[in-house]
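What follows is a short report on a single structure.
Nothing in this text is a laboratory measurement; each read-out follows from the coordinates by a stated rule. Quantities reported herein were computed from a predicted structural model and do not represent experimental measurements. Here Cβ is always computed from backbone atoms with ideal geometry, including for glycine, and neighbour counts include all displayed protein chains.
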Amino acid sequence: MKADEIEEAVAWRRDLHRHPELAFEEHRTADFVARMLASFGLKVSTGLAGTGVVGTLTRGSSARSIGIRADMDALPIEELGAAPYKSLHPGKMHACGHDGHVTMLLAAARACAESGQFDGTVHFIFQPAEESEGGGWRMVEDGLFKSFPCDAVYGLHNWPSLPVGSCVARDTAMMAALGIFEIVIEGRGSHGAMPHEGVDPIVAACELGASLQTVVSRNVSPLEPAVVSITQIHAGDAWNVIPASCTLRGTTRWFDNAVGDLIETRLMALANSVADGFGCKATIRYERRYPPTINDPVEAAFIRSVASAQDGIRVEDVAPSMAAEDFSFMLEARPGCYLWLGSGRTGSDPGLHSPYFDFNDEIIPLGVDLWRSVVETKLAVA
Ligand SMILES: [Zn+2]
Ligand SMILES: [Zn+2]
């Protein structure tokens, strides 16, 4: 990338950062993306999964085609950093760097449109609602790969826990599957001084909270990664009133489907039996939201070979993450590769989803050149 192109891309990124939009509300972002893609000469399709945008670029006569995806949504977090371009919208911010992902893919689309040497079709895919709401799933359901056939699909995430220029593209597992649960324990409220006159849901919830720790420690094999985390407990309003109900919420993570089945079965059994043992009733909502993010080994090797040939990028191998990613739905539908691009600043650098997070603009040229090389290598002119 030339210096003036980098400067312009940084300005896009900071403008997107100033205007964060939550899942399926990315109207301004989608308008900006569609306008820019059209100005670069791409064929633009809007409306897929609501706010999704696809820009298509064809060169030559080859029938080969690939897709590259960026996520557009922000998070419901109040930004606490001091950047001059901080969020203008209270309670919303780009705390995961999707502003940077959009910028890098847009700049790559422009580079490919202006001077890309390739033979085939590239679909630049901008998806809504990556953060827990499954915009990637909706794009696939809405016919993404029927309307825009892709032989392979690629996506990346900035990774602040790795130094700038590190690139990780593992052969299979990158990120875990994600489940969520809500358990409402109903008892019977009473005066706090007369617990024997009621049925205490809080005591049952405390026991259940401890019991749920045994799913990973006693049921799942020690050789299999798994997480059960209770992240919310809600009950009661007064010093001296035992409430009628208590709600526990949390998240589960796994890679292997059989482990996912086991976690769900044990969580249901413990919730029902512990509640029952205390004379309460449990109502359980359990949803498997995202499958694991699993790369195709051939496509992962392709990404590593492209990345290792690029100045400023070093290929590394680190353990997969127990965080989740809805690019998993695209990888279930098509072979492809999800990669991490290191973006850590020196010194203390706030991580993803921190209210102080700010995408590191230093990696913009690395990401743009990487996407361009992916296009020019995968769709090389014969
Ligand atoms: Zn995130
Ligand atoms: Zn993210």
Inset, instruction - Using the Kirkwood radius over Cα pairs, work out the Stokes-Einstein diffusion coefficient for segment 89-152 at 20 °C and 1.002 mPa s, in µm²/s as a whole number. - result: 154 µm²/s
Legend entry - Theoretical FRET efficiency, 1/(1+(r/R0)^6), r = Cβ-Cβ of H353 and V241, R0 41 Å, to 0.05: 0.70
Inset, instruction - Identify, among W137, A152, T214, the residue whose Cα sits farthest towards the positive end of the charge dipole of segment 97-216, taking +1 on the Cβ of Lys and Arg and -1 on the Cβ of Asp and Glu, with the dipole about the Cα centre. - result: A152
Inset, instruction - Could you pull out the chymotrypsin sites (Phe, Trp or Tyr not before Pro) across segment 164-259 that fall in loop regions by DSSP (anything but H, G, I, E, B) with no more than 12 other Cβ atoms inside 10 Å? - result: W239
Inset, instruction - Please determine, in degrees from 0 to 90 and to the nearest 10, the orientation of helix 364-378 with respect to the longest principal axis defined by the Cα atoms of the chain, where the helix direction is its Cα long axis. - result: 70 degrees
Legend entry - Distant-in-sequence amide H partners of T172 (H built 1.01 Å from N, under 5 Å): N295
Inset, instruction - Could you work out the Kirkwood radius for segment 262-335, taking every pair of different alpha carbons, averaging 1/r and inverting it, reported in Å? - result: 16.2 Å
Legend entry - P(r), alpha carbons of segment 278-382 - 5 Å bins starting at zero, rounded %: 2, 9, 15, 17, 19, 15, 8, 5, 3, 3, 2, 1, 1, 0, 0
Legend entry - 0 to 90° range, to nearest 10: angle between helix 201-214 axis and the chain longest Cα axis: 50 degrees
Legend entry - Within segment 57-197, percent of DSSP bridges classed antiparallel, to nearest 5: 25 percent
Inset, instruction - Would you be so kind as to identify which of V228, G250, C167 lies farthest towards the positive end of the dipole of segment 164-283, taking Lys and Arg as +1 and Asp and Glu as -1 on Cβ and the Cα centre as origin? - result: C167
Inset, instruction - Quick one: among A204, A269, A108, which has the greatest mean-square fluctuation in a GNM of the chain with alpha-carbon springs under 10 angstrom? - result: A269
Inset, instruction - Wrap a convex hull around the Cα atoms of segment 114-180, take a quarter of its surface area, and give that in square nanometres. - result: 7.4 nm²
Inset, instruction - Just name one of T265, S354, T58: the one whose Cα is farthest towards the positive end of the charge dipole of the chain (beta-carbon charges, Lys/Arg +1, Asp/Glu -1). - result: T58
Inset, instruction - Multiply the residue separation of A38 and D4 by 0.36 nm, subtract the distance between their alpha-carbon atoms, and state the gained length in nm to one decimal. - result: 10.2 nm
Inset, instruction - Rank A23, A301, A244 by mean-square fluctuation in a GNM of the chain with C-alpha springs under 10 angstrom and give only the top-ranked residue. - result: A244
Inset, instruction - When a/c is below 1.5 the answer is rounded, else prolate if a/b is larger than b/c, else oblate, so apply that to segment 49-130 with a ≥ b ≥ c taken from the square roots of the Cα gyration tensor eigenvalues. - result: prolate
Legend entry - All-pairs Cα distance distribution in segment 245-289, expressed in whole percent, bin size 5 Å: 5, 19, 29, 22, 14, 8, 3, 0
Inset, instruction - Give the shape of segment 221-350 as rounded, prolate or oblate, defined through the alpha-carbon gyration tensor: a ≥ b ≥ c are the square roots of its eigenvalues, a/c under 1.5 means rounded, and otherwise the shape is prolate if a/b is larger than b/c and oblate if not. - result: prolate
Legend entry - C-alpha long axis of helix 3-18 to longest principal axis of the chain, angle in °: 30 degrees
Legend entry - Two-decimal log10 I(q)/I(0) for segment 71-200, as the Debye equation yields it once each C-alpha is a single scatterer, q = 0.09, 0.18 Å⁻¹: -0.47, -1.27
Legend entry - Counting all C-alpha pairs of the chain, share separated by more than 38 Å (%): 26 percent
Legend entry - Kirkwood-based Rg to Rh ratio, segment 1-155, C-alpha trace: 0.98
Legend entry - the chain: most fluctuating residue of T51, T252, T265 per GNM, C-alpha cutoff 10 Å: T265
Legend entry - P(r) weight above 14 Å for segment 297-339, C-alpha pairs, percent: 58 percent
Inset, instruction - Rounded to whole Hz and in sequence order, give me ³J(HN,Hα) for segment 326-335 from the Karplus expression 6.51 cos²θ - 1.76 cosθ + 1.60, θ = phi - 60°, writing x for Gly and Pro. - result: 8, 4, 3, 5, 5, 6, 6, 7, 9, x
Inset, instruction - Largest first and in whole Å, give the semi-axes of segment 1-86's equivalent ellipsoid, each being the square root of 5 times a Cα gyration tensor eigenvalue. - result: 27, 18, 10
Inset, instruction - Looking at the chain, send over the antiparallel percent of its DSSP beta bridges, to the nearest 5. - result: 65 percent
Legend entry - Rh by Kirkwood over Cα pairs, then Stokes-Einstein D for segment 171-283 at 1.567 mPa s and 4 °C, µm²/s: 87 µm²/s
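Pick out, in residue order, every one of the GluC sites (Glu not before Pro) in segment 302-382 that is DSSP loop and has at most 14 other C-beta atoms within 10 Å; say none if there are none. Before the final figure, lay out each step's value.
Numbers: sites: E316, E325, E332, E362, E376; in loops: E325.
Counting only loop positions with at most 14 other Cβ atoms within 10 Å, none of the GluC sites (Glu not before Pro) in segment 302-382 qualifies.
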